[in-house]
1. If Rh is defined by the Kirkwood formula over all Cα pairs and Rg also comes from Cα, what ratio Rg/Rh do you get for region 74-168?
2. Can you tell me, using C-alpha contacts under 8 Å and at least 6 residues apart, the relative contact order of the chain as a whole percent?
3. Which value results when the Cα radius of gyration for region 20-129 is divided by 2.2 N^0.38 Å?
4. Neighbour counts of other C-beta atoms within 10 Å: give me I164, I67, I80, I16 arranged from fewest to most.
5. Isolated Cys in the chain by the 4.7 Å beta carbon test?
6. Of D66, D160, D319, D103, how do they rank once you tally other Cβ atoms within 10 Å and put the fewest first?
7. Please work out whether region 161-312 counts as rounded, prolate or oblate from its C-alpha gyration tensor, where a ≥ b ≥ c are the square roots of the eigenvalues and a/c under 1.5 means rounded, while otherwise a/b larger than b/c means prolate and anything else oblate?
8. Enumerate the amide H contacts of L226 below 5 Å, restricted to partners 5 or more residues apart or on another chain; note that Pro and chain-start residues carry no placed amide H.
Amino acid sequence: MLPAATPFAPHGAGAIADLGGQTMGTTWSVRLVLPPGAALGRAHACVQDALDRVEAQMSTWLPESDICRLNRAPAGWHAIPAEFFTVLRAAWELARDTDGAYDPTAGPLVDLWGFGPRPRRGAAPGAAGIAAARARVDWRRLRFDPDANRVWQPGGAELDLSSIAKGYGVDQAARALDALGASHYLVEVGGELRGRGRRPDGHPWRVAVELPDDAGMAALLALDGLCVATSGDYRRYFDAGGARHSHTLDPRTGRPVRHALASVTVAHRACMQADALATALTVLGPDAGMAYARRHGLAALFVSRAGDGFESAATPAFDALREE
């Protein structure tokens, strides 16, 4: 599977440094122009450290992460790291704005459908199991104390931030490069990207937003102070009972989305927001998702399956960013 958005421009002759590593169950890469006096090893360590902090706080695959400890905690107020608080609060606000189409408490559904750390099931869960999991999913049960970075665990709430933490990791990696003095770079974590500045030849960092199933390019974007993230039904799924069950779950039904959308790509100034919004718009679907995106002035591209091919629809804000 190719990333939804991949580096499009060729290497500059010896002027661009390439870094890479592992994080959050996927890979990360950086292409940058090293600032004067900066060492490549130092740049690598700064990015890896930033991503490691995000993983240690928000990965449900690490039993001793902050999010896993909060999921096991009894009812009551619990202090969490500031970064974790920021991401969880942003996820909660998006849940509120989408009336629960996006929900950071959807962990029970993620586990039930086999898209979390528990073993993958060979068949879709039954109605009773879905109903039991849904009973534990409700963003409205969370409460926040911003003065002390505390969150109210109502008891039994199971958080999952997999649809926003990766984007936040991109932002944190970029901040680490900023602190190092880098002004020109392209950061990528699992297909989500953030660009700043330009290549040594003066051209912007360009990325190709690809159609699902290797069906070609949907759009070309230039990233300078801009991020791009994609949610799609072709990334993680399993087939059972003659149906494709996507990892994009609708918290309101407890089931994978069933509409014709194959992918949604969002461009935004913050990758955390682009990541979460791409998931939220996918859950909302082609009509309600487009209406939400246009109402909020979002740059979004919707790709739907149509027969043996795909149809694309973009918001005006996304069309304004397209490169020829």
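1. On the way: Rg = 13.9 Å, Rh = 14.1 Å.
Reported Rg/Rh (Cα atoms, Kirkwood Rh): 0.99.
2. Working: 687 pairs, mean separation 62.4, N = 324.
Relative contact order for the chain comes out at 19 percent.
3. On the way: Rg = 17.8 Å, N = 110, 2.2 N^0.38 = 13.1 Å.
Cα-based Rg divided by the globular estimate yields 1.36.
4. Numbers: I164 28, I67 25, I80 22, I16 19.
Ranked by crowding around the Cβ, least crowded first: I16, I80, I67, I164.
5. C46, C68
6. Numbers: D66 21, D160 25, D319 11, D103 29.
Ordered from fewest to most neighbouring Cβ atoms within 10 Å, D66, D160, D319, D103 come out as D319, D66, D160, D103.
7. On the way: a/c = 2.04, a/b = 1.74, b/c = 1.17.
Prolate shape, in that a/c is at least 1.5 and a/b is the bigger ratio.
8. G195
Each value in this text was obtained by applying a stated rule to the coordinates, not by laboratory testing. Because the structure is predicted, anything quoted here is derived from the model rather than measured. For neighbour counting, all protein chains shown are included, and Cβ atoms are generated from backbone atoms with ideal geometry for every residue, glycine included.
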